[in-house]
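One structure is given below, encoded as structure tokens.
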Amino acid sequence: MNFLKKLDYLMEQKHINKNILSKESGVPYTTIDGFYKKGYSNAKIPTIRKLADYFDTTLDYLIRDEITDVNYGKTQSYSKNAQNSSYSISIADTDRERSLITGFRQLTTHGKQMVECVLQKELELQNDSKPQIVTALYHKLYYDFPVSAGTGEYLDDSTATIVQLEIEPPRGTDYILRISGDSMEPEYCNGDYVYVRRTSSVEYGDIGIFIYAGNVYMKKYTPEGLKSLNPNYALIRGHEDMRCLGRVLGVVEGEVIK
């Protein structure tokens with residue numbers, strides 16, 4: 001279920017339309033209507049957060065494309081105060097089906113996607129249809145400016161959008177950044193996108209995202225300070241005002257669709 005289908009479902013549950021949603025959430029009608037006409041891949045995070053707050057759900061629920069709990073064919077929305085509550089299982093034909101439904105709901109997102117992929121393949125074979133390549137698009141936050149691998153750039157939610165990834169990101173990925181500069185070559189090159197896990201600390205030797213003096217840097221964390229992989233760049237020595245924003249998990253594989 002994608003963002004628009006979730007939005008439709010949530011509006012249906014509250015018996016409202018786009019016009020009422022705009023007035024009560026504070027999100028302009030043209031913005032909401034634009035999601036349906038032009039797509040939502042460039043939706044700003046503050047805008048989606050307003051919608052999440054209005055529907056008493058979470059930002060993650062709205063932006064993550066995944067199969068949610070099903071009860072008589074209707075998708076359940078997740079409330080901020082009830083994300084961990086157990087949902088009743090709809091009437092199934094056999095106890096085995098009930099067991100399968102229960103097990104499916106306990107899987108991680110990756111596990112559910114694997115089950116869905118196998119199910120799709122089996123249905124194609126059963127219907128004697130030609131096997132199709134199942135393409136899943138994974139949605140992640142993207143800060144829409146180049147994080148400097150050289151001199152630093154500022155990072156905040158006002159620049160955040162949602163992008164689609166062709167290849168599933170590593171477990172723990174929270175957002176995507178783009179590198180500007182050559183100070184982290186040869187491992188990370190100018191223009192590369194990187195997976196980042198949000199964390200306030202990293203181990204020595206890790207590549208991290210750090211904020212210092214109002215700028216954001218991608219560097220290697222060492223006992224002496226922040227080090228570039230390119231020897232032509234000087235060490236940024238450790239300072240008490242330096243703060244870690246995340247750990248780099250690697251270079252993004254496949255296309256980043258904005």
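The values are calculated or read from the model by the stated rules, or taken from the named source; none is laboratory data. The model shown is predicted, which means the values in this text are computed figures rather than measured ones. Here the Cβ positions follow ideal geometry from the backbone for every residue, glycine too, while neighbour counts run over all protein chains shown.
Against the definition (under 26 Å from I45 (Cβ atoms), assigned to a loop (DSSP other than H, G, I, E, B) and of a type in the set (A, V, I, L, M)), how does I167 come out, yes or no? Write out each step before concluding.
Values: under 26 Å from I45 (Cβ atoms): yes; assigned to a loop (DSSP other than H, G, I, E, B): yes; of a type in the set (A, V, I, L, M): yes.
For I167, the condition - under 26 Å from I45 (Cβ atoms), assigned to a loop (DSSP other than H, G, I, E, B) and of a type in the set (A, V, I, L, M) - is met.
Screening P231 with (1) in contact with a Leu (Cβ under 7 Å, 6 or more places away or on another chain); (2) over 30 Å from I63 (Cα atoms) gives one miss only, at (1).
The residues listed here are V252, V216; of these, the one that is in contact (Cβ under 8 Å) with a residue 40 or more places away in the chain, within 29 Å of H139 (Cβ to Cβ), touching a Pro at 6+ places or on another chain (Cβ under 9 Å) and of a type outside the set (S, T, N, Q) is V252. If only residues of the stretch 34-60 that are aromatic (F, W, Y) and at pLDDT 85 or above are counted, the one that is nearest to the chain's Cα centre (by Cα) is F35. Checking each residue in the stretch 1-33 for being buried (at least 17 other Cβ atoms within 10 Å of the Cβ) and modelled with pLDDT under 85 picks out only F3.
Return the only residue of E224, E240, E168, E187 being in contact with a helix residue (DSSP H, G or I) (Cβ under 8 Å, 6 or more places away or on another chain) and surrounded by fewer than 21 Cβ atoms within 10 Å (Cβ to Cβ).
Working: E224 fails: in contact with a helix residue (DSSP H, G or I) (Cβ under 8 Å, 6 or more places away or on another chain); E240 fails: in contact with a helix residue (DSSP H, G or I) (Cβ under 8 Å, 6 or more places away or on another chain); E187 fails: in contact with a helix residue (DSSP H, G or I) (Cβ under 8 Å, 6 or more places away or on another chain).
Residue meeting the stated conditions: E168.
Kindly state which strands (runs of 3 or more DSSP E) lie completely within the stretch 215-258 and contain at least 1 residues that are within 30 Å of V163 (Cα to Cα), polar (S, T, N, Q) and within 24 Å of the chain's Cα centre (by Cα). Let's see the steps before the verdict.
Values: elements: 215-222, 225-227, 243-251.
Output list reads 215-222.
Of the residues making up the stretch 219-249, just one is in contact with a Pro (Cβ under 9 Å, 6 or more places away or on another chain) and either free of Cβ contacts under 8 Å to residues at least 24 places away in the same chain or outside the structural domain of T161 (by TED's automatic domain parsing) (or both), namely G238.
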